[in-house]
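Step one of this worksheet: look at the structure below.
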Amino acid sequence: MIIKFLVAAVLAGAPLLFGTMGEILNERVGHLNLGVEGMMSLGACGGFMIGYWTDNLFLAIIAAFLAGMMGALIYAVLTVFLMADQNVTGLTLTIFGIGLSNFIGEYMLDRSPQGTLKLPEHISAQLSNIHVKGLSDIPVVGELLFTYNIFVYLGVVLAVILGYYLFKTKVGLNVCAIGENPAAADAAGIPITQLKLFNILLGGGICGIGGAYSAMIICGGVWISNCVNGLGWIAVALVIFANWSPRKAIFGSLVFGGFSVLKYYIPKSLFQLPNAFYDALPFLVTALVLVMTSIRQSKDKAQPASCGVNYFREER
């Protein structure tokens with residue numbers, strides 16, 4: 001039972017991992033992007049529809065990445081160049097992303113002969129959990145490590161790469177410097193605008209892949225409106241839980257994924273609680289993380305100092 005619960009937690013936490021990594025890249029360059037839900041919704045729509053039309057998983061993932069990047073580009077233009085308020089822009093991006101995704105989905109549903117949109121069998125087979133001969137059959141370890149779909153492994157690999165990028169490379173350290181003090185980084189000759197754009201767009205694309213996971217796997221390969229269903233908001237809180245580290249986001253997504261599937265593994269005879277309580281549990285924990293973080297602040301676990309504040313070079 002415990003092994004199956006952990007496997008289910010990993011699968012449920014995978015879209016959170018993508019959303020968290022995308023937001024970490026945004027906040028590391030000083031941009032609090034509250035549009036994660038919108039970028040994930042755009043990625044969900046782009047990935048699902050391209051997968052539906054082409055029956056090609058690779059193209060679907062690329063489309064999800066580009067759709068999320070499109071949303072991030074809108075945010076970047078408004079906040080980096082036009083100095084718009086980051087919080088308002090992010091919230092607007094969420095509304096826009098969800099609305100556009102649902103509009104395209106409804107448009108396609110109205111023109112579907114079956115009245116529903118379902119991914120072709122070939123791409124659905126590619127999305128099923130991978131069975132590695134020999135490794136997947138190892139007791140306990142095999143089921144825990146070698147029985148997931150391609151998105152899960154992609155997310156873990158990306159988290160490791162991004163962790164190395166941010167903390168072990170010169171460019172990544174420059175990115176962290178921008179998030180702490182953009183004026184000092186600018187004075188040191190670091191290309192502020194270029195790195196901001198690169199990380200915001202890359203983060204948006206990664207969020208888009210998380211949205212595709214929600215639409216193509218969590219929803220069972222059938223298009224459902226609002227398929228992201230609040231995961232983007234949980235991802236924003238997970239950034240704090242993960243201490244702005246992509247590698248720690250792996251553990252954070254596992255924990256919050258566990259809360260999402262807890263209702264299926266708690267014996268009914270043990271706790272007589274309504275399913276609505278378990279559905280609300282991830283969001284309740286998200287609120288608690290935000291409250292506890294605001295109360296117990298420490299320098300080593302603090303948000304990048306310039307996060308949420310637009311940098312105008314002439315004011316330095």
Checked the stretch 247-278 for anything surrounded by 16 or more Cβ atoms within 10 Å (Cβ to Cβ) and farther than 21 Å from Leu144 by Cβ; matches are Lys263, Tyr278
Hey, among the residues in the stretch 289-310 that are modelled with pLDDT of 80 or more and more than 29 Å from Asn229 (Cβ to Cβ), which one's most open to solvent (accessible area, probe 1.4 Å)?
Val309
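Any residue in the stretch 66-80 that is more than 17 Å from the chain's Cα centre (by Cα) and not in a helix (DSSP H, G or I)? Give the derivation first.
As a first pass, look at the stretch 66-80 and keep what is more than 17 Å from the chain's Cα centre (by Cα): 74, 76-80.
Checking the rest, the ones that are also not in a helix (DSSP H, G or I) come to none.
No, there is no match, as no residue in the stretch 66-80 is more than 17 Å from the chain's Cα centre (by Cα) and not in a helix (DSSP H, G or I).
Checking the structure you have, find out if any residue of the stretch 227-234 is surrounded by fewer than 23 Cβ atoms within 10 Å (Cβ to Cβ) and among the aliphatic types (A, V, I, L, M). Steps first, answer last, please.
Step one: list which residues in the stretch 227-234 are surrounded by fewer than 23 Cβ atoms within 10 Å (Cβ to Cβ), which gives 229-230, 233.
Checking which are among the aliphatic types (A, V, I, L, M) leaves us with none.
No, the stretch 227-234 contains no residue that is surrounded by fewer than 23 Cβ atoms within 10 Å (Cβ to Cβ) and among the aliphatic types (A, V, I, L, M).
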Counting just the residues of the stretch 269-288 that are at pLDDT 80 or above and among the aliphatic types (A, V, I, L, M), which one comes out nearest to Asn26 (Cα to Cα)?
Ala287
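Sort out which residues of the stretch 34-71 are polar (S, T, N, Q) and open to solvent by less than 30 Å² (accessible area, probe 1.4 Å), and write them in order of number. Reasoning before the result, please.
First, the residues of the stretch 34-71 that are polar (S, T, N, Q): 41, 54, 56.
Selection gives Ser41 alone.
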Exclusive hit being closer than 26 Å to Ile218 by Cβ, of a type outside the set (Ser, Thr, Tyr) and surrounded by 12 or more Cβ atoms within 10 Å (Cβ to Cβ), set Asn181, Asn149
Asn149
Under 8 Å by Cβ, and 6 or more places apart or on different chains, what pairs join a residue from the stretch 243-254 that is touching a residue at least 60 places away in the same chain (Cβ under 8 Å) and at positive phi with one that is among the β-branched types (Val, Ile, Thr) and in a loop (DSSP other than H, G, I, E, B)?
none
Out of curiosity, is Gly134 at positive phi and either of a type outside the set (Lys, Arg) or open to solvent by less than 70 Å² (accessible area, probe 1.4 Å) (or both)?
yes
Looking at the stretch 77-126 only, could you name the residues that are among the hydroxyl-bearing types (Ser, Thr, Tyr), open to solvent by 40 Å² or more (accessible area, probe 1.4 Å) and more than 22 Å from Leu231 (Cβ to Cβ)?
Tyr107, Thr116
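For (1) modelled with pLDDT of 95 or more; (2) within 30 Å of Val236 (Cβ to Cβ); (3) of a type outside the set (Val, Ile, Thr); (4) not in a helix (DSSP H, G or I), each residue gets a yes or a no:
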{"position": "Gly90", "(1), (2), (3), (4)": "yes, yes, yes, no"}
{"position": "Ile95", "(1), (2), (3), (4)": "yes, yes, no, no"}
{"position": "Ser101", "(1), (2), (3), (4)": "yes, yes, yes, no"}
{"position": "Gln114", "(1), (2), (3), (4)": "no, no, yes, yes"}
{"position": "His122", "(1), (2), (3), (4)": "no, no, yes, no"}
{"position": "Asn129", "(1), (2), (3), (4)": "no, yes, yes, yes"}
{"position": "Val132", "(1), (2), (3), (4)": "no, no, no, yes"}
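Does the stretch 202-226 hold any residues that are open to solvent by 20 Å² or more (accessible area, probe 1.4 Å) and either in contact (Cβ under 8 Å) with a residue 40 or more places away in the chain or within 17 Å of Leu42 (Cβ to Cβ) (or both), and which are they? Outline the logic, then answer.
Applying the first criterion (open to solvent by 20 Å² or more (accessible area, probe 1.4 Å)) to the stretch 202-226 yields 202, 217-220, 222, 224-226.
If the condition is that a residue be open to solvent by 20 Å² or more (accessible area, probe 1.4 Å) and either in contact (Cβ under 8 Å) with a residue 40 or more places away in the chain or within 17 Å of Leu42 (Cβ to Cβ) (or both), then Leu202, Ile217, Ile218, Cys219, Val222, Ile224, Ser225, Asn226 are the ones that fit.
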Check Asn33 against each of (1) in a helix (DSSP H, G or I); (2) within 18 Å of Ala249 (Cβ to Cβ) and name the one condition it does not meet.
(1)
Any hit, the stretch 146-161, residues being within 15 Å of Ile24 (Cβ to Cβ), of a type in the set (Gly, Ala, Ser) and in contact with a helix residue (DSSP H, G or I) (Cβ under 7 Å, 6 or more places away or on another chain)
yes
Examine the stretch 10-32 for a residue that is open to solvent by less than 10 Å² (accessible area, probe 1.4 Å), more than 26 Å from Cys307 (Cα to Cα) and not aromatic (Phe, Trp, Tyr), and state whether such a residue exists.
no
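Mind checking which helices (runs of 4 or more DSSP H) fall wholly inside the stretch 151-237 and carry at least 1 residues that are closer than 17 Å to Gly38 by Cα? Write out each step before concluding.
Details: elements: 170-180, 182-187, 192-213.
Correct list: 192-213.
The values are calculated or read from the model by the stated rules, or taken from the named source; none is laboratory data. Source: prediction; values computed, not measured. Note: ideal-geometry Cβ built from the backbone for every residue, glycine included; neighbour counts use all protein chains shown. What goes into the accessible areas is simple: the full protein's heavy atoms, side chains included, and nothing from ligands, DNA or RNA. Shrake-Rupley method; radii C 1.70, N 1.55, O 1.52, S 1.80 Å.
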